[in-house]
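**Student:** Please find one structure pasted underneath; my questions will follow.
The values are calculated or read from the model by the stated rules, or taken from the named source; none is laboratory data. Computed from a predicted model, the values in this text were never measured in an experiment. Cβ placement follows ideal geometry from the backbone for every residue including glycine, while neighbour counts extend to all protein chains displayed. For the accessible areas, the whole protein counts, side chains as well, though only heavy atoms, and no ligand, DNA or RNA atoms are used. Shrake-Rupley method; radii C 1.70, N 1.55, O 1.52, S 1.80 Å.
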Amino acid sequence: MKIVVCAKFVPDATADRRFRSEDNTVDRAGVDGLLSELDEYAVETALTVKESGDGEVTILTVGPEQAADAVKKGLQMGADAGVHVVDDAIHGSDAVATSLILSKALAKLDADLVVFGMGSTDGGMGVVPAMVSERLGLPAVTLGSEVTVDGQTVRIRRDGDTASETIEGTLPLVLSVSDQANEPRYPSFKGIMAAKKKPVETWSLADLELTADQVGGSSAWTEVVEVTARPPRSAGTIVTDEDGSGAAELVEFLSTNKFL
Amino acid sequence: MSNVLVLVDHAAGKVRKTTAELLTIARRLGEPVAVFVGEGVQDALPALGQYGATKVIALSNPELSQFLVAPKAEALQQVAAKVEPSAILISSNAEGKEIAARLAVKLDSGLITDAVDVQAGDSAGPVTTQSVFAGNYTVKSKVTHGTPIITVKPNAATPEAAETSPEVEEFDVSISDAAKTARITESKPREATGRPELTEAAIIVSGGRGTGGDFGPVEAFADSLGAAVGASRAAVDSGWYPHAYQVGQTGKTVSPQLYVAAGISGAIQHRAGMQTSKTIVAVNKDPEAPIFELVDFGVVGDLHKVLPTATEEVTKRKA
Ligand SMILES: Cc1cc2nc3c(=O)[nH]c(=O)nc-3n(C[C@H](O)[C@H](O)[C@H](O)COP(=O)(O)OP(=O)(O)OC[C@H]3O[C@@H](n4cnc5c(N)ncnc54)[C@H](O)[C@@H]3O)c2cc1C
Ligand SMILES: Cc1cc2nc3c(=O)[nH]c(=O)nc-3n(C[C@H](O)[C@H](O)[C@H](O)COP(=O)(O)OP(=O)(O)OC[C@H]3O[C@@H](n4cnc5c(N)ncnc54)[C@H](O)[C@@H]3O)c2cc1C
């Protein structure tokens, strides 16, 4: 079985993330990037499926030069191969364009099972898996908190707002997993050494028979018109509880502000 | 005036508050046309009329509820072809976002998710506001191609009534076999708690690792205030509270009038889900906890002492 994990390279969420003033895109300079933490759950799912049957796991990422690090992390965790789609024209792509690039690459890879995270830790739209499913005409079972692959059937448990559901579909399909699905492994020393010898291909838009005017900022179908940093919250009142004084002052605050 | 499609969010005909918000927003952009999928359209009609739907398009094909989101996206595509809307508004929950994603591909249109505000803008179409990077930035955007598809977060607008008496138009949709490939084989409804819905609540009291596993004081304080209960991921991962109540990046994003964090340190991923709350209160025994950087009012103290005393006092004052 050919398993492909779509993994995004994102700026570190704990760093000071900013936007570039020239074009309102994410400023990647001076902020460390990494494999989106939520995509580690997708890598772990793929590796578990592989280990319980047979298969080959490929990490696919669309992103700038440094995004090769995301591919590398996946290989260190145990994936077999990597594909990095990189092209200057991709900069500024929106979700619709990103899904187009991923779909072309997935078609070229001829994947049986495509695994996604639940959402990136930067854009965080949680829409790319559904878009890819739509473009490839493949079934999608999304936001799995528990995943079983049983022959050609993929079954997930999804804990929704109003119900916990069992959802299934037949391979080939698109799967996305939540952060409840598993506990992603850390790369072992052996894994880190082995990753250096694993094959990574670099594809351009031309390799996917796409042209620059189909993707990127200039042809994005959404446009950011304004970015403002949230003003810092004004410093609040902090009291220390002594023998019930904290509760009394808290209730007084709630009362003054008409919450009672 | 142009038509603006609103996908109705409902449970068996009981219209969710988010739908009233979407209809209110739709009126800023044009004439709201409500699209109702499933059973119970007659039950929903008064609420849809109250918030200004000029027409209700009802889709009752049973396949729409059996096969997840793909058929709903197909149906909306067919409705859009007929109505030619100037924008499509959908609730920003897991299902709504997937429907919107598929629709964007089908209609060759730009998509904006998680809008916290939508305004008419100039002739170039609606301008949306998103809160991004854990709530640290506010971004205004617009769709520049196709029919703007916008998913809107709960509490993005205050519902304003504008009585209409919409007529119901049954609309026949055809669902392709390709859209019927992922099926729901089992569904266990969540137990009702009797508390307000987390994403819609005006007040939320959340507990974290500091509860030590006992959510009793958090729930009691929430109930005294008529609030919903939330939890941090540490509390959820420890099995103390169900995941459906997690607030944060991988849980719910909430924006209530009042958010009370008890025994929660205030990690960036938790902030991502609550930073835009109007008023923030914390109870934490560590004066250095980062949550105190956000608060309007903070109590340094043990939640097991502070919350029960406060609950008693609130109950007394309300009586
Ligand atoms: C703050 C912010 C707000 C944005 N708002 C919008 C908007 O409203 N509309 C819009 O069209 N675009 C928007 N974008 C751009 C959008 O984030 C990117 O186009 C992105 O490529 C796709 O969306 P996502 O990161 O939200 O992915 P999600 O849909 O959250 O990603 C889900 C999964 O898809 C996979 N995936 C996503 N991107 C890649 C990739 N590049 N390579 C490999 N796998 C991937 C991963 O498995 C990921 O877990 C925004 C970006 C930012 C930073
Ligand atoms: C990709 C990713 C996604 C994540 N998504 C989320 C998310 O959606 N939501 C989320 O919440 N987290 C999320 N996290 C986890 C987040 O980083 C923190 O680990 C988590 O929020 C910590 O929860 P906590 O504040 O309850 O626990 P802790 O950080 O352990 O804090 C407990 C606090 O309780 C206080 N305390 C202890 N005892 C008492 C007492 N008796 N009385 C009063 N105070 C007391 C302590 O002083 C401390 O400040 C995510 C992490 C990652 C990597």
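**Student:** To the nearest 10 degrees, how steep is helix A:245-256 against the longest Cα principal axis of chain A, on a 0 to 90 scale?
**Tutor:** Roughly 90 degrees, rounded to the nearest 10.
**Student:** On a straight-distance basis, which aspartates and glutamates could pair with A:Lys2 in a cross-link, Cα separation under 12 angstrom, same-chain partners fewer than 8 positions away excluded?
**Tutor:** Cross-link targets: A:Asp54, A:Glu56, A:Asp80, A:Asp110, A:Asp112.
**Student:** What's the angle, to the nearest 10 degrees (0 to 90), between helix A:95-109's Cα axis and the longest principal axis of chain A?
**Tutor:** Here the helix axis deviates by roughly 30 degrees.
**Student:** Taking the 0 to 90 degree range and rounding to the nearest ten, how far is the long axis of helix A:37-52 tilted relative to the main principal axis of chain A, both from C-alpha atoms?
**Tutor:** Its long axis makes an angle of about 40 degrees.
**Student:** So, taking all protein chains as they sit and a 1.4 Å probe, how much accessible area belongs to B:His243, in Å² rounded to tens?
**Tutor:** So the heavy atoms of B:His243 present about 40 Å² to solvent.
**Student:** Follow-up question, since we're still on this one. Amide H to amide H under 5 Å from B:Gly230: which residues, 5+ apart in sequence or cross-chain, H placed 1.01 Å off N in plane?
**Tutor:** For B:Gly230, the qualifying residues are B:Val205, B:Ser206, B:Gly207.
**Student:** Please return the longest stretch of chain A lacking exposed loop sites, where trypsin sites (Lys or Arg not before Pro) count only if DSSP places them in a loop and at most 10 other Cβ atoms lie within 10 Å.
**Tutor:** Between the exposed loop sites, the longest stretch runs A:1-195.
**Student:** Among A:Gly236, A:Gly53, A:Gly30, determine the one that fluctuates most according to a GNM of chain A built with springs between C-alpha atoms less than 10 Å apart.
**Tutor:** Most flexible of the set in this elastic network: A:Gly236.
**Student:** Magnitude of the Cβ-charge dipole of the protein assembly as shown, K/R +1 and D/E -1, about the Cα centre, nearest 20 debye?
**Tutor:** The calculation lands at about 180 debye.
**Student:** Multiply the residue separation of B:Ser238 and B:Gln257 by 0.36 nm, subtract the distance between their alpha-carbon atoms, and state the gained length in nm to one decimal.
**Tutor:** Roughly 4.0 nm would be gained on extension.
**Student:** Just list whichever of B:Lys55/B:Lys140; B:Lys55/B:Lys153; B:Lys252/B:Lys285; A:Lys104/B:Lys106; A:Lys8/B:Lys97 have alpha carbons separated by over 21 Å in the model shown.
**Tutor:** B:Lys55/B:Lys140; B:Lys55/B:Lys153; B:Lys252/B:Lys285
**Student:** If each DSSP helix of 4+ residues adds -39,500 (n - 2.57) and the sum is divided by the residues in chain A, what number results at 222 nm, nearest 500 deg cm²/dmol?
**Tutor:** The per-residue figure over chain A is -8000 deg cm²/dmol.
**Student:** Now a separate question. Convert each backbone phi in segment A:71-86 into a coupling constant with the Karplus relation 6.51 cos²θ - 1.76 cosθ + 1.60 (shift: θ = phi - 60°), then list the ³J(HN,Hα) values in order as whole Hz, x for Gly and Pro.
**Tutor:** Listing the rounded values in order: 4, 4, 4, x, 5, 5, 6, x, 5, 8, 8, x, 10, 10, 8, 9 Hz.
**Student:** Separate question: Short version: ³J(HN,Hα) in whole Hz for each residue of segment A:57-67, in order, from phi by Karplus 6.51 cos²θ - 1.76 cosθ + 1.60 (θ = phi - 60°), x for Gly and Pro, what are they?
**Tutor:** 10, 10, 9, 10, 9, 10, x, x, 2, 5, 5
**Student:** Next question, about the same structure. Which FRET efficiency value, to the nearest 0.05, is calculated for B:Ser174 and A:Val225 with the Förster distance at 41 angstrom and r the Cβ-Cβ distance?
**Tutor:** Using R0 = 41 Å, I get an efficiency of 0.60.
**Student:** Note the buried accessible area between B and A here, summed over both chains, with a 1.4 Å probe, in Å² to the nearest 100.
**Tutor:** 6700 Å²
**Student:** A follow-up question, please. What accessible surface, in Å², does a 1.4 Å probe find on B:Ser265, ignoring ligands, DNA and RNA and rounding to the nearest 10?
**Tutor:** Only protein atoms counted, so the area is about 70 Å².
**Student:** Additional query: As an exercise, use a Förster radius of 56 Å and the Cβ-Cβ distance of B:Ala11 and A:Phe189 to find the FRET efficiency, rounded to the nearest 0.05.
**Tutor:** 0.60
**Student:** To the nearest 500 deg cm²/dmol, what mean residue ellipticity at 222 nm is calculated for chain B from DSSP H runs of n ≥ 4 alone, each contributing -39,500 (n - 2.57), summed and divided by the residues? Walk me through the numbers before you get to the answer.
**Tutor:** Working: 9 runs with 93 residues, N = 319.
Calculated at 222 nm, the ellipticity per residue is -8500 deg cm²/dmol.
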